[in-house]
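The values are calculated or read from the model by the stated rules, or taken from the named source; none is laboratory data. Quantities reported herein were computed from a predicted structural model and do not represent experimental measurements. Neighbour counts run over all protein chains shown; Cβ positions are idealised from the backbone, glycine included.
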Amino acid sequence: MKKVLFFCVALCLNFAVKAQRSEVTVSAGNAGVMMTNATACVEFDYKNTQVGEFPAGSNKKDAEKIGNLQSLDAYLKSRGDDFVRDWPQDHLKAEQMFNYEMTRLAKKGGFNFDLSNPYDQKGKDYKVRVIVDKLDMGNGAGYFIHNPYSFKTKSGGAIFQGTVEVINLKTGMAECVFDCPFVKGSPNPSETGRLKLMYMNLGQNILSLVKKGVSNGGAVAASLSKPEQKETSAQSTQPQNPNNKPQNQNVTTNNASVFTVSRIVPQNFGLEDNMIIKNSSQYIINSVIVFENGNKITDCQNLAPGEDRTVMKFSDDALSRFRGSNLQFQIESGEAKSSGAQFDVQYKEKHDDLIIEVISSGRYSANDKSKNTSSDKDQSGDKGFRMCFDYMHGFWDNNLHSDQLAFLFGANVIQGLYVGVGPLFNGGYGNGMDFSCAAGGDFKVRYTAPYWNVRPYIEYDFRYLYNFDSKDGGIENGIGFGVCFAKKVFLGIQYSFYNTEVAEQKTKKVSYTYYTGSGRNRKAHTGYKNEPYTETHDEMKNYVGIRFGLMF
């Protein structure tokens with residue numbers, strides 16, 4: 001149900017993105033240069049960015065009327081420490097949408113962008129430089145009153161004003177310049193989400209101009225000096241390790257510090273699917289290279305604080321081969337050089353994936369070694385809130401049947417132990433009886449065994465049902481067992497039993513008095529007869545059901 005809802009929301013947003021009208025033109029050069037078969041990188045320049053608000057009802061013609069301008073740093077500080085702390089991570093997430101749009105050029109024979117490290121200009125032919133002059137961050141409330149066919153800022157979307165330059169890195173010349181006085185994204189409750197949709201629309205507008213072959217006569221923009229090489233959150237460098245082997249000690253290069261760490265993957269991890277590297281430090285990490293027995297097996301670049309990336313995917317349980325393996329890591333960070341920070345690695349398991357967390361000193365200590373073997377399982381075992389849908393078809397005596405639906409809200413209180421409660425609906429039919437309807441509640445405790453692909457489970461249900469036909473309620477108890485497939489699908493059987501009040505028709509012998517004769521001859525006699533009566537008593541009844549469950 002949740003996935004269907006998310007799909008519908010995403011579908012609506014997709015149409016909303018296409019509905020946003022923006023103004024992007026070629027002010028110098030020829031957009032056709034981006035159809036050159038060449039390698040390219042990107043750069044986002046926020047050095048002179050100002051944040052403000054476009055007036056209500058404004059459009060591209062009012063691009064200079066943006067008010068309440070302040071520097072990006074001042075804006076972030078005014079929003080609170082969380083915004084200052086999260087900005088390095090948030091803007092990289094937002095820029096990914098623009099970078100993704102740029103990769104579409106390669107499919108038509110144009111610029112080739114490397115999404116795994118789009119900011120590294122080493123060995124590249126061109127750089128697409130996005131100069132962010134002004135930003136309107138939009139507003140979350142506008143998400144609910146969105147008018148996709150207007151330019152009104154009250155419809156919630158973020159607005160970009162600036163230029164985009166296509167720079168030949170060999171000559172330092174800008175061969176094409178896009179003027180972007182008004183680029184608006186679709187609404188979103190999250191500020192990062194609004195920036196993502198705005199950058200997506202910027203990329204789509206540029207691709208449209210490239211596709212149409214728009215130019216201004218072939219003129220080339222004035223010469224630009226080469227960008228100064230300095231560390232920013234949008235740049236990364238490659239590890240200084242030409243032999244592609246793990247180094248024996250931590251070293252400091254001109255631009256970054258390189259750390260080497262060796263850790264053994266716990267044997268008790270139930271690994272199956274993916275290897276993920278997560279930056280759990282407070283620093284931007286230029287690169288992480290993973291070695292096994294001195295041989296490089298994977299790597300990733302440019303990880304912002306809190307960001308994670310899937311670096312290897314496996315099938316047929318192949319990830320399990322890393323259990324007990326001694327993996328080596330080479331970690332490079334430019335930010336760590338000035339702070340003197342040290343890096344370490346810890347392992348976690350979640351959804352049968354191996355999570356490799358890169359942590360900095362102060363986040364991990366010798367007294368906290370237990371974190372190195374913490375194990376979070378899949379949805380059947382993850383600790384935390386879980387919803388569960390249960391369906392059971394019951395087989396009763398006398399060819400009676402029932403269908404039961406339950407929606408449970410609960411949590412895995414410990415690994416594999418789920419406790420939930422929620423509404424219950426039941427319908428009974430068969431053997432010539434009219435359909436009967438009942439409703440009530442279900443309390444469930446279910447334990448799912450870990451570490452297997454197909455995982456056995458056992459459960460107990462306590463249910464209360466009120467029958468609308470008989471106008472009475474009753475209590476059921478159920479004990480079931482089965483297996484869990486695909487980490488969240490449950491299939492099994494359940495034996496349910498309940499007490500019910502049974503009415504039984506009986507007869508009993510009762511005495512009575514009758515008379516014969518009259519006057520002085522009148523006599524009283526005692527007689528006996530059988531009288532019917534109803535006797536009620538509690539009786540245990542049971543039925544067997546086939547149960548299907550889905551946890552999400």
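Has the range 464-483 got at least one residue that is closer than 20 Å to K350 by Cα, out of contact with any Leu (no Cβ under 7 Å at 6 or more places or on another chain), assigned by TED's automatic domain parsing to the domain that holds I546 and surrounded by 13 or more Cβ atoms within 10 Å (Cβ to Cβ)?
no
Considering only the range 110-161, how many residues are basic (K, R), crowded, with 17+ Cβ neighbours inside 10 Å and at pLDDT 85 or above?
4
So in the range 164-210, with the set limited to residues that are under 34 Å from the mean Cα position of the chain (by Cα) and among the aromatic types (F, W, Y), which one is modelled with the lowest pLDDT?
Across the range 164-210, the extreme among qualifying residues is F182.
With respect to E95, is the statement that it is at pLDDT below 85 and closer than 19 Å to K184 by Cβ true? Outline the logic, then answer.
Values: at pLDDT below 85: no; closer than 19 Å to K184 by Cβ: yes.
Considered against the rule, which asks whether it is at pLDDT below 85 and closer than 19 Å to K184 by Cβ, E95 comes out as no.
Quick test for you: out of L319, L303, pick the one residue that is surrounded by 20 or more Cβ atoms within 10 Å (Cβ to Cβ), under 24 Å from the mean Cα position of the chain (by Cα), closer than 20 Å to I359 by Cβ and without any contact (Cβ under 8 Å) to a residue 60 or more places away in the chain. Full working, then the answer.
On the way: L319 fails: closer than 20 Å to I359 by Cβ.
Of the residues listed, the single one that is surrounded by 20 or more Cβ atoms within 10 Å (Cβ to Cβ), under 24 Å from the mean Cα position of the chain (by Cα), closer than 20 Å to I359 by Cβ and without any contact (Cβ under 8 Å) to a residue 60 or more places away in the chain is L303.
A366 versus (1) hydrophobic (A, V, I, L, M, F, W, C); (2) over 22 Å from G480 (Cβ atoms); (3) at pLDDT 85 or above: which is the lone unmet condition?
(3)
Looking only at the range 429-450, decide whether some residue is among the β-branched types (V, I, T), within 21 Å of C388 (Cβ to Cβ), out of contact with any Asp or Glu (no Cβ under 8 Å at 6 or more places or on another chain) and assigned by TED's automatic domain parsing to the domain that holds G410. Don't jump to the end; show me each part of the working.
Of all residues in the range 429-450, those among the β-branched types (V, I, T) come to 445, 448.
So of that shortlist, the ones also within 21 Å of C388 (Cβ to Cβ) come out as 445, 448.
Retained after the next criterion (residues that are out of contact with any Asp or Glu (no Cβ under 8 Å at 6 or more places or on another chain)): 448.
Narrowing further to those that are assigned by TED's automatic domain parsing to the domain that holds G410: 448.
For the range 429-450, residues among the β-branched types (V, I, T), within 21 Å of C388 (Cβ to Cβ), out of contact with any Asp or Glu (no Cβ under 8 Å at 6 or more places or on another chain) and assigned by TED's automatic domain parsing to the domain that holds G410: present.
Here is a list of conditions, (1) in the same structural domain as F395 (by TED's automatic domain parsing); (2) among the hydroxyl-bearing types (S, T, Y); (3) touching a Phe, Trp or Tyr at 6+ places or on another chain (Cβ under 8 Å), and S511 meets all of them except one; can you say which number that is?
Every condition holds for S511 apart from (1).
Suppose we filter the range 494-552 for residues that are within 25 Å of G478 (Cβ to Cβ) and not hydroxyl-bearing (S, T, Y); how many remain?
20
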